[in-house]
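One structure below.
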Amino acid sequence: MAISEEKSTIKYLYYDYHNGHIAREEYGNDKCAANAFDFYIDGEWINDYTLSLHLSDAIRNCCGYTFSDYEEITEEEAMRRIAEIDRK
């Protein structure tokens with residue numbers, strides 16, 4: 001399977017973390033909490049250690065972070081919000 005074909009089969013879960021940080025997590029990943037999420041920052045997907053760790057804590061409702069710190073969103077909603085960010 002070609003790399004481009006392989007990438008197209010990857011499925012993601014999407015989150016809005018702290019109202020505006022759009023994050024994605026590869027469905028079924030087994031990465032550690034600090035590497036589990038990529039964030040859309042400055043027009044590209046970046047793995048941010050601190051944001052990833054904190055979002056992971058929020059999903060687990062621990063370490064001072066709660067379920068109210070993030071919102072699970074659909075891929076379509078994530079792309080809409082990213083388009084809004086890019087327009088700014």
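Could you grab the pairs with beta carbons closer than 9 Å, sequence gap of 6+ or different chains, first residue in the stretch 35-50 and closer than 18 Å to D86 by Cβ, second one in a loop (DSSP other than H, G, I, E, B)? Correct list of pairs: D38/N47; D38/D48; F39/N47; F39/D48; I41/D48.
Of the residues E77, E84, the single one that is at pLDDT 95 or above and part of a helix (DSSP H, G or I) is E77. Restricted to the stretch 40-73, and to residues there that are crowded, with 16+ Cβ neighbours inside 10 Å and of a type in the set (G, A, S), the residue that is nearest to H18 (Cα to Cα) is A58.
The values are calculated or read from the model by the stated rules, or taken from the named source; none is laboratory data. Not measured: the values here are computed from a predicted model. So basically every Cβ, Gly included, is an ideal-geometry build from the backbone, and we count neighbours across all protein chains shown.
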